[in-house]
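Asks: Sharing a structure, written as structure tokens. Questions coming.
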Amino acid sequence: KKNSNKIIMTRLDNITTCLPIAYGSVAFSLGEKADEYHTHRWTLYLRSPNPTYDLSNAISRVIFQLHPSFAQPTRELTKPPFEVTETGWGEFEASIRIVWREGVADERCTMLTHGIKLYPSNNPQLSNQTQPTDVAVVSEKYDEVVFTNPEEEFHRLLLEGNTEEYCVEDNGNADGGGDNMNKPESNSTTITTSAISTATTPSKLPYPLSHEPSVIQYFRTYGDEQDVQAMIAAKQFLEKELRNVKDRLMKADEELEEVKAALTLAKGGDAG
């Protein structure tokens, strides 16, 4: 007789947790050291915008899919820093698959794509010989992964990744006004893990931000809280609009059913 020990996971109702992430690439010209197939050295990465947030709390592994011309184009990393450093000669689009904490999260993988840039966008025809070796070509994106009604344990781990305070927003039928004008009207709570480091002495992570010292200095900071809050507000506005559209569609369906019922009654009356 087999004894199966299943872990019962409990989802939190009316809770939405947002995890800010940043992903991109930093590339340097190899200059005189370049050859036909190796003109640049680049690093592709996934990181937290908050340099004190521990991504290992939320992520089990990250799979980078490079161009098939690379040896071992699939690179899987199980601990931060989540990055791949290579040399090559051409720009291409890579994919990044995030596997959330297995056995805890019960969330689908998140897929990202990123185009690795080797040349400045304002001068794409710049030759490798004339491109300075000490000037980086940086391409980075900021995004937020939203977990709706997350597992209780995963929700706890997301919050524990913060060494800063996290922001809790009560979205319970508040009147529109000021910064709250675009908040959802559903009776729910949105918790956004800190995207911004405000500590004067950041807590030390158990791993380096990058294995490439030349790359770290080009990590963009998202220190303008107004910009971050504007992005959150825009997302919440879209969610509200989607709910309004859904409500209108449901109302239209109800009216259609009423019309059908009235037609049925009218036909029955004519038959009598």
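Asks: If I go through segment 14-30 residue by residue, how many of them are at pLDDT 90 or above and open to solvent by 10 Å² or more (accessible area, probe 1.4 Å)?
Replies: 3
Asks: Scanning segment 57-69 for residues that are part of a loop (DSSP other than H, G, I, E, B) and of a type outside the set (Gly, Ala, Ser), which turns out surrounded by the fewest Cβ atoms within 10 Å (Cβ to Cβ)? Quick ask: steps written out before the conclusion?
Replies: At the first step, the residues of segment 57-69 found to be part of a loop (DSSP other than H, G, I, E, B) are 58, 66-69.
Subsequent filtering for residues that are of a type outside the set (Gly, Ala, Ser) retains 66-68.
Values: LEU66: 20, HIS67: 14, PRO68: 8.
That would be PRO68.
Asks: Can you pull out every residue in segment 70-123 that is touching a residue at least 12 places away in the same chain (Cβ under 8 Å), loosely packed, with under 13 Cβ neighbours inside 10 Å and under 22 Å from LYS33 (Cα atoms)?
Replies: Correct list: GLY90 only.
Asks: Quick one: count up the residues across segment 34-61 that are closer than 13 Å to TRP89 by Cα and either touching a residue at least 12 places away in the same chain (Cβ under 8 Å) or among the β-branched types (Val, Ile, Thr) (or both).
Replies: Going through segment 34-61 one residue at a time, the tally reaches 8.
Asks: What tally of residues in segment 46-90 results from selecting those that are touching a Lys or Arg at 6+ places or on another chain (Cβ under 8 Å) and small (Gly, Ala, Ser)?
Replies: The qualifying residues number 3.
Asks: Can you say whether GLU153 is open to solvent by 60 Å² or more (accessible area, probe 1.4 Å) and within 15 Å of PHE28 (Cα to Cα), as far as the supplied structure shows? Please lay out each step first, then the result.
Replies: Numbers: open to solvent by 60 Å² or more (accessible area, probe 1.4 Å): yes; within 15 Å of PHE28 (Cα to Cα): no.
Against the criterion (open to solvent by 60 Å² or more (accessible area, probe 1.4 Å) and within 15 Å of PHE28 (Cα to Cα)), GLU153 does not qualify.
Asks: Can you name the residue in segment 22-67 that is among the aromatic types (Phe, Trp, Tyr) and within 22 Å of LYS79 (Cα to Cα) and, of all such residues, is nearest to the chain's Cα centre (by Cα)?
Replies: The residue in question is TYR23.
Asks: Determine which single condition ASN187 fails, assuming it passes every other condition in (1) touching a Gly at 6+ places or on another chain (Cβ under 8 Å); (2) assigned to a loop (DSSP other than H, G, I, E, B); (3) exposed (fewer than 14 other Cβ atoms within 10 Å of the Cβ); (4) at pLDDT 50 or above.
Replies: Unmet condition: (4).
The values are calculated or read from the model by the stated rules, or taken from the named source; none is laboratory data. Being a predicted model, the structure only gives us computed values, none of them experimental. All Cβ positions, glycine included, derive from the backbone under ideal geometry; neighbour counts span all protein chains shown. Note: areas computed on protein heavy atoms with side chains; ligands, DNA, RNA excluded. Shrake-Rupley method; radii C 1.70, N 1.55, O 1.52, S 1.80 Å.
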